Amino acid sequence: MKRSRIIELLARKMAGEATPYELEELNMLIDSYPDSVYYEEVLKQIWLNNEQDEADLPDVDRIYQCHRLRFYDELTTPVPEESVPFFRQYKNLSIAVLALCLIFFAGLFYIHSNEQDNFNTQLIAGKGVRKKVKLPDGTLVWLNSDSKLAYHSDINKKKVRIVHLTGEAFFDVAHHESQPFIVRTNKIAIKVLGTAFNVKAYPVDQKSVATLLRGSIELSVNERPQQKIILNPSEKFVLQDGQQGVMKMDSQDITLMIEHIMPIHIGGNEYIEEVSWKNNTLVFHNESFVDLKPRLERWFNIKIHLGSSRAKSYRFTGVFKNENIKEALTAMQLIKPFTFNLSAHDVTIY
């Protein structure tokens with residue numbers, strides 16, 4: 001959708017019809033999609049070729065008038081109608097062909113841009129699994145359970161280092177001044193040079209969260225790439241779907257929040273809940289069973305069925321490190337009264 005807008009604005013710019021506001025919008029879009037410069041060059045070439053083609057057109061109007069004089073009888077009709085000059089038809093045809101060329105090259109550019117993101121390497125951490133990897137550019141990545149990270153094997157040679165995340169990951173980005181590092185998810189994009197931050201963007205979750213520990217990051221929501229949000233250390237960004245809130249964007253009912261990271265104290269120890277998983281520690285604070293359910297399922301590679309409406313409202317605070325699912329649920333029973341039945345990879349809460 002954004003690339004189609006870039007195409008439209010570039011065409012208006014070359015035709016001299018773009019307003020100052022549209023030119024400003026175009027510049028912001030090109031900043032968000034650097035590879036669109038390729039398409040601008042293609043459009044310029046099409047435009048120049050079209051102008052040259054029109055300059056070389058023969059005087060078709062004069063040729064047509066000579067033709068009419070020579071074959072007057074055959075061309076005379078009882079009810080004369082206003083004819084459209086052939087040159088005008090030809091010109092309209094030329095415009096139509098140009099439009100088709102624009103559509104064709106727009107598709108070509110779309111394919112080209114997709115090829116830019118056609119990653120050839122994918123790292124997957126299944127449920128119950130957490131992985132650490134060092135990318136070719138030196139960036140360290142911790143991948144949480146049920147997460148995927150896609151990137152190109154020669155990311156260290158790219159002008160812009162781009163990865164795509166589904167799930168949750170912690171990044172300690174290697175600093176390269178001339179090679180920005182961009183993390184894309186289905187909802188947000190994060191641009192950095194060198195910093196340490198966490199991104200949580202599971203498709204089933206209503207929230208997308210970016211937590212910054214060191215350095216600075218620039219965030220944007222995919223639907224509004226021109227709006228930039230800068231995070232400072234110890235801040236987190238939350239994109240919440242489906243609620244009225246701080247910032248409403250167009251017709252989309254979403255909330256954007258920036259919050260401070262607040263360490264929590266459990267059992268005499270201090271934890272940063274948002275990134276504790278990186279150290280193989282699951283920390284939760286005052287969370288309901290409903291909120292905990294997807295986290296426990298990913299952490300223990302288990303499917304949980306909440307058969308009790310009362311249990312759904314129970315809230316828990318705790319820390320799990322080396323426990324299995326049975327030990328974890330038994331410990332939770334000490335906080336709230338419930339029973340559970342464990343079979344293979346399924347748990348039913350009563």
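The values are calculated or read from the model by the stated rules, or taken from the named source; none is laboratory data. On a predicted model such as this, the values are computed, not experimentally measured, just so you know. No Cβ is skipped: glycine too gets one built from the backbone with ideal geometry, and neighbour counts run over all protein chains shown. Surface areas here come from the heavy atoms of the whole protein model, side chains and all, with no ligands, DNA or RNA. Shrake-Rupley method; radii C 1.70, N 1.55, O 1.52, S 1.80 Å.
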Only unsatisfied item for Pro136, checking (1) assigned to a strand (DSSP E or B); (2) out of contact with any strand residue (DSSP E or B) (no Cβ under 8 Å at 6 or more places or on another chain), is (1)
Reported set for segment 4-42 where residues are over 19 Å from the mean Cα position of the chain (by Cα), at pLDDT below 75 and buried (at least 16 other Cβ atoms within 10 Å of the Cβ) is Tyr39, Glu40, Val42
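Residues checked against (1) open to solvent by less than 30 Å² (accessible area, probe 1.4 Å); (2) outside the structural domain of Gln206 (by the TED database); (3) modelled with pLDDT of 95 or more:
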| position | (1), (2), (3) |
| --- | --- |
| Val141 | yes, no, yes |
| Asn144 | yes, no, yes |
| Lys148 | no, no, yes |
| Tyr151 | yes, no, yes |
| Lys158 | no, no, no |
| Thr166 | no, no, yes |
| Phe170 | yes, no, yes |
| His175 | no, no, no |
| Ser178 | no, no, no |
Is segment 246-260 home to any residue that is open to solvent by less than 50 Å² (accessible area, probe 1.4 Å), over 20 Å from Asn186 (Cα atoms) and modelled with pLDDT under 95?
-> no
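Residues are listed down the side, and each one gets a yes or a no for (1) within 18 Å of Leu334 (Cβ to Cβ); (2) surrounded by fewer than 17 Cβ atoms within 10 Å (Cβ to Cβ):
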position	(1), (2)
Val275	no, no
Phe284	yes, no
Val290	no, yes
Ile302	no, no
Gly307	no, yes
Arg315	yes, yes
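How many of the residues making up segment 268-316 are at negative phi, in a strand (DSSP E or B) and in contact with a strand residue (DSSP E or B) (Cβ under 7 Å, 6 or more places away or on another chain)? Step through it out loud before you land on a result.
First, pick out the residues of segment 268-316 that are at negative phi: 269-279, 281-285, 287-300, 302-316.
Subset that is in a strand (DSSP E or B): 269-271, 282-285, 287-288, 303-306, 315-316.
Next cut, in contact with a strand residue (DSSP E or B) (Cβ under 7 Å, 6 or more places away or on another chain) only: 271, 282-285, 287-288, 303-306, 315-316.
Adding up the residues that qualify gives 13.
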Only one of (1) at pLDDT 90 or above; (2) closer than 19 Å to Ala210 by Cβ; (3) not polar (S, T, N, Q) does not apply to Val290, and that is (2)
* Asked: Within segment 339-347, is there a residue that is more than 19 Å from Lys127 (Cβ to Cβ), free of Cβ contacts under 8 Å to residues at least 24 places away in the same chain and open to solvent by 20 Å² or more (accessible area, probe 1.4 Å)?
  -> yes
Over segment 330-347, the set of residues out of contact with any helix residue (DSSP H, G or I) (no Cβ under 6 Å at 6 or more places or on another chain) and in a loop (DSSP other than H, G, I, E, B) is Leu334, Ile335, Lys336, Pro337, Thr339, Ala344, His345
Taking segment 163-219 and the residues there that are among the aromatic types (Phe, Trp, Tyr) and part of a strand (DSSP E or B), the one that is nearest to the chain's Cα centre (by Cα) would be Phe181
